[in-house]
Each structure stands twice: as C-alpha cells, then as structure tokens.
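Below is the structure I would like to discuss, written out as structure tokens.
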Amino acid sequence: MHLRPPQSGTTPPVPAANCGPVGPGQRALRIILLLTSALVLFGGPALRAGWALDDQETIEENPLVAGERPAMHAFGQDYWHHRGDAGLYRPLVTLSLRFNRAWLGNSPGGFHGINLALHLGVVFWAGVVLLLMRPHCRLPWFGWALFALHPVQSEAVVWIAGRSSSLCALVGLIPLAMHLAGQKSQRASGVRSGAWAFVGVLLPLLVKEDGLAFAALWWLLPGAAKRSRRICVLIALVAIAGLRIWALGGLGLDPSHGALGSTPLAERIPLGLGILGKGAACILWPPLALQEVDGSGMGWQVLGALLLLGICVRIGRLYSMGQDQFAWAGALCLSLLPWLQWFPSPELFGPRYLYLPLLFLIPLLPRLPNGRTVSIRLYALQLILLTGLLTPVVHRLSAGFHSPLAYWLQRTEHRSGESRSWSGLAHALLKDGPRTAESNRVIRGHFERAISIDPNYSRPHVGLATLARRMEKPELEQRHLRRAISIAQGNAIAWANMGALQLRQKNCTAAAESYSRATLLQPGRAAFWRGLARSHAGMDQMALAEEAIQEARRLAPSDPLTLKWYERLVR
C-alpha cells in the first residue's frame, strides 16, 4: 500500500488495495485465536520451567528485587550493580521483578507466568496498533503470526531474565496506540501527541537499550504534530542520557562492557555482519539459534552484508515513495545495532535479539492481495496446524530453561567448542551436583577442557580453585586463583576468593588488599565489603571495619551473615 504522510490536521484517503470486507467481529475473533495459539505454544514450556542461567543472580541475590532497598534506588544504579556493573540501565526491569516477587512470591512459576502474559500483551497491543494504523485494511496476518508464534521467541518468553525484550516492546506499543487512537478520534493535538511521544521513547529506554528503536519510530512517524513529537523525542533522549550519566557515571557505552570490548572496530564490523547473517538465518531454521553465533565465516559475513544492503535499499524505496512503513523500517534498522556490535553488547547474539526486529518487521511484510479473504474456520485450522508443527521446536529450544544445569547441558551439546559452555557446566555441577569423588573428577575435567579451548579465560581457574577448597587443598586453591588473576586483573571474584583464602590463613593484611581490589571492581556486592570488614577487624582497624560493614549492610540489609558481622563490629 502506497501512502504518503498526511499533512498536518488531515487524514489521508485509504486506497482500496489490500483492503476488504473483514469486519470488526472477525478481526476480534482472529486476534483471540492468535493469542490462544501463542498461549498454547509457549504456555507449557514457560509454566514448567524453573530458574535458569543467571535467574537466581538476577532475582534472589538482588536486594532491590527482594524489597530490601527502596524501589527508587533502581533508577540510580546499574542493572547488575549487585553483581558487578555492566553498563546496563534497566530500572523498569528491576521494578517489574520486584513487583512480581511481592505479588506472586519467590517461586519461578510466578515469574514465568508474568513473562508469558507480557508476550501475550505485546501480541495484543501490536494488533491494536496495526488496526489503528490501517483501520479499513487487512491486517498483515503473516507478519503478526510470525512474530507471535515464531519458536525463536522462546528465549524472550521462557527465560525469566529475557523479559526485558517483551517488556520493552509492551511499554513502547501502548503509548503508540494511545497516540494513534487520538488521531483517529480527531482529538490529537501537539501537546497530546508530544506527551505520548515522550512517554513512548522514555519508557522503552528505561527497560532496555534496544528501546532506542522506538525513538526512530516516533521521529519518522507520519501524521499531524510531527514537530511537537520530534521535540519531545529529543527531550526524552536528553532525559535518559541524564539518568544514565547520573546512575552509571556515563552513558554506559564503554566498549569494555561488550563481548567484543577488546576488539578494534575494524574487526567488529565484519564480525557484526556475520552475526547479522547467521542470526537472521535463525528465522528460517530456528534450531540454528542453539548453535554458537560468533560472526566468523566469510559466508555468513557476506550474507549479513547483503541483508544490510537490502534493508537500506528497501528503506530508500519507502522514503522515495512516501510510504508510512518508512518509520517502521527505521526502527528495524536501529533494533539491529546490538547484532552489528558497533556499540558494546554484553553478548554476541541471543534469540531474544530477534524480538524487536520481528515486531518492527510486521507492517513491512506483504498482506493478502485485494479480493482474497480467509474464512475464520480456515484461519483457525491454519493456526492449529502451525501450533502443532511448532510445539516440538519450542519445547526443544526451551529445554535449557528448566534449571542452570539443564541450560549448560544443552549449551555444551550444541556449542562443544566454546570455553564458556564447559566452564558454565562445571560451575553448575559444582553448585548443584553431588559431592563425590567421581563428581569432582568430572567437574575438573570440564574445567580443564574449557582451559584447553581458551587458555586466556579466567573463570575455569576460579572454578578449579573452588573445587580445591572443597577438597581442602589450600595450596592448589591459591595456585589457581593466582593464575586467574594473572589472566584477568579485573576478575573481582578471583580477588574476593583470594581474600577469603588469606583470611582462613590468618593473613589479614593480604586479605584486606585482595578485598579492596574486589570492592573497587564490583562495589555493589555486599559479600566483598563484609570480607573487607573482617580483614580490617583482624588487624584491629575497627574504624575501617565499621565503615566497610556499614556499606555491606546498606547493600544487603537482610543478609544473615552481614547482620551477624554488623552486630559484632558496630558498637
């Protein structure tokens, strides 16, 4: 459909192409059928899943989520402050988890249920937006169903920590729907449209950095009050920049926070194109999302370059033809930035990175040609068959979200050449596996395999040190911790574990130095401050010990060990 942006205060005529006699009742029924299919497809895996990967670190070990610290503190610190700053500013995700825990308790089922509801909410509000955009035209059912039911959405729906993608989309779509509804009812004004634009840009960026794509959407959106909307978009961007600088000490774009932080931009660009190529291939073959996506391989890089070129050509055509899909195409481009690695991204690729691109792709995909209709019965049959066909794929992609051990078992099965996979599996066994000689042998083998794949990865040495502590071999523990620190001076866990070992050896001076390094690297971890307090107390430096334990208590007010040492040290 070829539409030019309307002049201020006018509504463009709706052409006949791709429009047809689909009534409101039929549309509502189709929306219900699509939501039902999404519920059936993702409901089983989501409601049976447990804690996975870093869910417990995100929820159980976060005093903000636990309600131990004031909720407003979420706006003044890094999303991972309790574990180590990562340049991520996501206060609304933290508050959603806090509300989730207060409302439904600390069992994983409540968190998975909210995740599922968020995805269904995004599907619904995407339909509302599409209806408001083209009230007399057929909805792009193919693109909408693709977004709602594609198996690669499993990670965003089933993994608790992956809710940032769906929450970002939801808080971006609702203000957009309110703005479009105001235009439809001719109640739109510059102030009203600007207010919705401000909210529609600010809220997604308070959820996830990828929410920047909504700024492009609002900036390029045709219709009345364009100038007011753009001014408010700029105000929202300035506001979020100010909040990030206040909370993070900067915009959080330090390359060291990214997976390719030490890689020069000239090398990141081809790797980013390879990630784009292989990531997009996951849409055609979802099980590919289980494989390692590292951007290497000339074929994937060429495919990524061709895809990027095709997108640019498509955007140029939409702009020259004056179509309103141009705004969605611009948002699609910005949503691909994490893939391209031009800005720091904490992970090279995750299936959840497809969530927003698939959302912005909906209105860009073709509709049924004029005069072609699909009956409700046929549409329902298609959804039933599609849901049945995709269910095994969704179950396969969701199998890793039952537990941390299940996640790492699945990851090592499909990424056997990745050091992180074997290290993660060994750490999961170390934490939740049996404490037997045979188990220790298996764990040590996994850590040694991780080291053989990447000798410069420090985490396996920290794990081997933990295993040595379990086996009461302090000399071996110290050797592995020294090796971990020599590989990565910024490994705060290695410094803290070294401090704990030195405390057990009654070397309080060295322990204080180690814990000081750990608190400098990760100032949000109460355990590090508690260890520092114990070290100073061992040297009779009670003023410093009291200062450190006060900080530990501020970070984790209800932690039993912190309270125990607080009572001992504070007089």
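Report the residues of segment 489-514 in range of a label on LEU544: point 7 Å along Cα→C-beta, backbone N strictly under 14 Å from it.
Counting backbone N atoms under 14 Å from the label point, the list is 507-514.
Taking 0.36 nm per residue of separation and subtracting the Cα-Cα distance, what length does fully extending ARG317 through ARG568 add?
83.3 nm
Same structure again: Using the Cβ atoms and a cut-off under 11 Å, what net charge is assigned to the surroundings of LEU92, where Lys and Arg are +1 and Asp and Glu are -1?
+4
By the gyration tensor of its Cα atoms, with a ≥ b ≥ c the square roots of the eigenvalues, what is the shape of segment 24-398: rounded for a/c under 1.5, prolate for a/b over b/c, or oblate?
Because its axes are fairly even, with a/c under 1.5, segment 24-398 counts as rounded.
Next question, about the same structure. Let me have the 222 nm mean residue ellipticity of the chain computed from DSSP H runs of 4+ only, each contributing -39500 (n - 2.57), with the sum over all residues rounded to the nearest 500.
-21500 deg cm²/dmol
Report, in debye and to the nearest 20, how large the dipole of segment 91-196 comes out about its Cα centre when Lys and Arg carry +1 and Asp and Glu carry -1 on their Cβ.
Dipole magnitude for segment 91-196 comes out near 320 debye.
Report the GluC sites (Glu not before Pro) located in segment 418-493 that are in a DSSP loop and have at most 10 other Cβ atoms inside 10 Å of their Cβ, or state none.
GLU472
What's the local net charge at ALA399, with K and R +1, D and E -1, over the other residues with C-beta under 15 Å away?
Result for the neighbourhood of ALA399: +2.
Of VAL40, GLY252, SER320, which is farthest towards the positive pole of the chain's charge dipole, taken about the Cα centre with +1 and -1 on the beta-carbons of Lys, Arg and Asp, Glu respectively?
The one lying farthest along the dipole's positive direction is SER320.
Using a simple charge model, +1 on the beta-carbon of Lys and Arg, -1 on the beta-carbon of Asp and Glu, nothing else, what dipole does segment 24-398 show about its Cα centre, in debye to the nearest 20?
1860 debye
If R0 is 41 Å, what FRET efficiency do you get for SER189 and SER375 from their C-beta distance, rounded to 0.05?
0.50
Please rank MET321, MET498, fewest neighbouring Cβ atoms within 10 Å first, as an exposure proxy.
MET321, MET498
Now a separate question. Would you work out which of LEU95, LEU149, PRO175 lies farthest towards the positive end of the dipole of segment 24-398, given +1 charges on the beta-carbon of Lys and Arg and -1 on that of Asp and Glu, about the Cα centre?
Farthest towards the positive end: PRO175.
Run the simple label-point estimate for THR36 and SER486 please: 7 Å along Cα→C-beta, distance reported in nm.
The two pseudo-label positions are separated by 6.6 nm.
Moving on to the next point. Applying the Karplus parametrisation 6.51 cos²θ - 1.76 cosθ + 1.60 with θ = phi - 60° to the phi angles of segment 204-213, what ³J(HN,Hα) value in whole Hz is obtained for each residue in order, glycine and proline being reported as x?
Along segment 204-213, the couplings run x, 6, 7, 9, 7, 4, 5, x, 4, 4 Hz.
Calculate, in nm to one decimal, what HIS73 and ASN507 gain on full extension: separation in residues at 0.36 nm each, minus their alpha carbon distance.
Contour length minus the Cα-Cα distance gives 152.6 nm.
Please state the charge dipole magnitude for segment 31-80, taken about the Cα centre, from unit charges on C-beta atoms (+1 on K and R, -1 on D and E), reported in debye and rounded to the nearest 20.
Roughly 340 debye for segment 31-80.
By how many nm would the segment from THR391 to ASP54 lengthen if fully extended, with 0.36 nm per residue of separation less the alpha-carbon distance?
Difference between extended and current length: 118.8 nm.
Quick one: Karplus J couplings for segment 92-98, per residue in order, coefficients 6.51, -1.76, 1.60, θ = phi - 60°, nearest Hz, x for Gly and Pro?
Residue by residue, segment 92-98 yields 5, 5, 4, 5, 5, 5, 5 Hz.
Give me a comma-separated list of calculated 3J(HN,Hα) values for segment 350-364, in order, Karplus coefficients 6.51, -1.76, 1.60 applied at θ = phi - 60°, integers in Hz, x for any Gly or Pro.
x, x, 5, 5, 7, 4, 5, x, 5, 5, 6, 7, 3, x, 8
Out of TRP159, VAL238, PHE111, whose Cα points farthest toward the positive end of the dipole of segment 24-398 (charges: +1 Lys, Arg; -1 Asp, Glu; placed on Cβ)?
VAL238
Each reported figure results from applying straightforward, stated rules to the coordinates on display, with no laboratory input. All values derive from a computational prediction rather than experimental measurement. Because the Cβ atoms are built from the backbone with ideal geometry, glycine has one as well, and the counts that use them run over all protein chains shown.
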